[in-house]
Amino acid sequence: MGGLVSAIAFPAPKLARQAYEKLEKRPELVWLATQFGEPIPALYLEPTAISPGAGYVLLYSHGNAEDLGLHMPFIDALAKATGARVFSYEYIGYSLSRFSGGVPSEEACYRSIETAWNYLVDRVDPAKIIVYGRSIGTGPTVDLAARVGDAIAGVFLQSPLESAIRAALGYVSSHTMYPIDIFRNYEKMHKIQCPVAICHGMTDVVVPCDGGKNLLAAAPHPFPPCWLDNYGHNDMPYSKVFAYLNAFLASLPSASSR
């Protein structure tokens, strides 16, 4: 049953290798290797504007049914809108990692973000890093943030899930099916010792907004949330998300002074 949950939870796009030619040609492409030698690609974008994010690095964890090759337009827009550097890494078993035999799983996501984190902290003061997760990407994001304490500047969660089972089947099922549940963010939020901002569509039927509200209530240092009326899981406009993110960045101490 646990294997079935993982299979449903990680529908990695199955595109042909040539679909990633644009990704492979990006000058910002870097290759990382996990503790087990699993190769994962990442893009490290420099800012193109001066705005609230100047001096910060956004460690971005993407949503499900997408990958690093497919969301390049989003992270390009993210770097432009915030003025922050953006480090977008891939999960084991997604995009170019898939062609090396990588198999996606909850633990593989944790290894992937740990690898990305280790790469960054060798080059950047952790106090300048903001971890940003969208949808299932909030799983590795929350896990990392709960483990590093107040070392990072902040946490930004877009359409976060309390857990996979709670998102799909509700609160009661997360107890009856606890052994096979994955990304149990609700158990970790109280450990995050930095500001947490959450943006969620109020008509989200994939990951209900109530989950985002419950996670924010559990965060020790919540930032005023952004609950977007009449938007669901995949239709929140970049402009609204980026405006909220910039407000969050502006509320943090200047990265250049940390």
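Laboratory data are not the source of any read-out in this text; all were calculated from the coordinates shown. Computed from a prediction, not measured in an experiment: that's the story for all the values here. With ideal geometry, Cβ positions are generated from the backbone for all residues, glycine too; neighbour counts draw on all protein chains shown.
Observations, loosely collected:
- Under 30 Å from the Cα of residue 80 - lysines, other chains or at least 8 residues apart: 14, 22, 25, 128, 213, 240
- Coupling constants for region 144-152 follow from the phi torsions by the Karplus curve (6.51 cos²θ - 1.76 cosθ + 1.60, θ = phi - 60°), and in residue order they are 5, 4, 5, 8, 9, x, 9, 5, 9 Hz; glycine and proline get x.
- Cα-projected label distance for residue 125 with residue 51, points at 7 Å along beta-carbon direction, nm: 2.4 nm
- In Hz, Karplus ³J(HN,Hα) per residue of region 220-235 (6.51, -1.76, 1.60; θ = phi - 60°; x = Gly, Pro): x, 10, x, 9, x, x, 10, 9, 8, 5, 6, 10, x, 7, 10, 10
- Amide H contacts of residue 38 (H built 1.01 Å from N, in plane; Pro and chain starts excluded): no residue 5 or more places away or on another chain comes under 5 Å.
- Given +1 at the Cβ of Lys and Arg, -1 at the Cβ of Asp and Glu and no other charges, the dipole of region 7-71 around its Cα centre is 140 debye to the nearest 20.
- Among beta bridges that DSSP assigns inside the chain, antiparallel share in %, nearest 5: 30 percent
- Amide H to amide H, with H built 1.01 Å from N, residue 233 comes under 5 Å of 205, 206, counting only residues 5 or more places away or on other chains.
- Rounded Å value of the spacing that divides the Cα centres of region 139-164 and region 175-250: 10 Å
- 5 angstrom amide H check on residue 201, placed H, neighbours 5+ away: 159, 228
- Karplus-derived 3J(HN,Hα), 6.51/-1.76/1.60, for each residue of region 98-110, Hz, glycine and proline x: 4, 7, 9, x, x, 10, x, 6, 4, 5, 5, 5, 5
- Estimated from the Cβ-Cβ distance and a Förster radius of 41 angstrom, the FRET efficiency linking residue 30 and residue 176 is about 0.45.
- Sorted peptide list for 25-33, 95-103, criterion being average Cβ within 10 angstrom, highest first: 95-103, 25-33
- Our helix-only sum for the chain, with -39,500 (n - 2.57) per DSSP H run of n ≥ 4 divided by its residues, gives a mean residue ellipticity at 222 nm of -10000 deg cm²/dmol.
- Peptides 123-136, 149-162, 66-79, 229-242 ranked from most to least packed give 149-162, 123-136, 66-79, 229-242, packing being the mean of other C-beta atoms within 10 angstrom over each peptide's residues.
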